[in-house]
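In what follows, a single structure is set out as structure tokens and then discussed.
Only the coordinates and a few stated rules stand behind these numbers; no lab work does. Nothing here was measured: the structure is a model prediction, and the numbers come from that model. As a convention, Cβ positions derive from the backbone with ideal geometry for all residues, glycine included, and neighbour counts pool all protein chains shown.
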Amino acid sequence: MFEAIPESMLRRMRELEARDARDRQDGTAHLERLRQVPPVTGRFLALAAASAPPGRWVEVGTSAGYSAMWLALAARERGAGLVTFEILPEKAKLARETFAAAGVGDAVELREGDAIAGLAAIDGVSFCFLDAEKDVYLRCWNVLASKLVPGALVLADNAISHRDDMADFLDAVAADPGIDSVVVPIGMGVLLARRSRSTR
């Protein structure tokens, strides 16, 4: 999977990595920054997605499409497809440019707008990555929890860096008797949660 990343995708990844680094160094305003995951987290996401059971794949918080490119690698490996949600028009525009430049239109579908309503219309979720405003995570979880297939994986970024902001969400996941979870100290901290194969 990683040994055969297309040059067009690598080039776009490098462009977004450079822009993200500049944004952080220059102190670009919060909502204007790309706020994407680091490369090591991207690889972790791809490995997790490639290990997910059959079902629908979703991402909440596309930004410029960086993590979606990593997930596209796994989607192609598995013959799956990713639906990714972005609410900010300027970020959605950047993501469309990314997907065109990287040539991942076969594996990624961008939906612009509110992810909560979008998630409500998707059943049989086997993989989800949450990387949006932290106050959205719990609302997403409340919609997702009953839609996860046995063995489904849910990953959420910033579980260490924004632990306090995500406390309600992390507590809700931990309190679900049908979920096993752990916070992985990679990047900004990633919550990895798995729906058990027992009945919810």
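A few points about this structure:
- Extended-chain gain in nm, criterion 0.36 nm per residue less alpha-carbon gap, Asp176 and Glu7: 56.6 nm
- In straight-distance terms, cross-link reach from Lys147 covers every one of the lysines whose alpha-carbon lies under 23 Å from its own, apart from those fewer than eight places away in the same chain; here that gives Lys134.
- Amide H contacts under 5 Å for Arg56: Val125, Ser126, Phe127, restricted to partners 5 or more places along the chain or on a different chain, H placed in the peptide plane at 1.01 Å from N.
- When log10 I(q)/I(0) by the Debye sum over Cα atoms at q = 0.09 Å⁻¹ is calculated for this entry, the matching label among (i) -0.41; (ii) -0.30; (iii) -0.35 is (ii).
- From phi via Karplus (6.51, -1.76, 1.60), per-residue ³J(HN,Hα) for segment 171-181 in Hz, x at Gly/Pro: 5, 5, 5, 5, 7, 6, x, x, 10, 9, 8
- The aspartates and glutamates within cross-link reach of Lys91, meaning a Cα-to-Cα straight distance under 12 Å and a gap of 8 or more places when in the same chain, are Glu32, Glu112.
- Normalised contact order of the chain, rounded percent, pairs of Cα under 8 Å and 6 or more residues apart: 19
- Projecting label points 7 angstrom from Cα along Cα→Cβ for Arg163 and Ala100 puts them 4.3 nm apart.
- Computed from backbone phi, the HN-Hα couplings of segment 111-118 come to 10, 8, x, 5, 6, 4, 5, x Hz, rounded to whole numbers (Karplus: 6.51 cos²θ - 1.76 cosθ + 1.60, θ = phi - 60°; Gly and Pro given as x).
- Only Lys, Arg (+1) and Asp, Glu (-1) charged, at Cβ; segment 24-136 dipole about Cα centre in debye: 300
- In order along segment 144-149, the Karplus-derived 3J(HN,Hα) couplings, from 6.51 cos²θ - 1.76 cosθ + 1.60 at θ = phi - 60°, round to 6, 3, 7, 9, 7, 6 Hz, and Gly and Pro are given as x.
- CD proxy at 222 nm, helix term only [per DSSP H run n ≥ 4: -39500 (n - 2.57); per residue of the chain; nearest 500]: -12500 deg cm²/dmol
- Stretch gain in nm, segment Arg43-Ser146, where the contour uses 0.36 nm per residue and the Cα spacing is subtracted: 34.3 nm
- The magnitude of the dipole of the chain, with charges of +1 and -1 set on the Cβ of Lys/Arg and Asp/Glu and taken from the Cα centre, is near 440 debye.
- Each Lys or Arg adds one and each Asp or Glu takes one away; over the other residues whose Cβ falls under 10 Å from the Cβ of Tyr137, this sums to -4.
- Within-12-Å neighbourhood charge of Pro39 [Cβ basis; K, R +1; D, E -1]: 0
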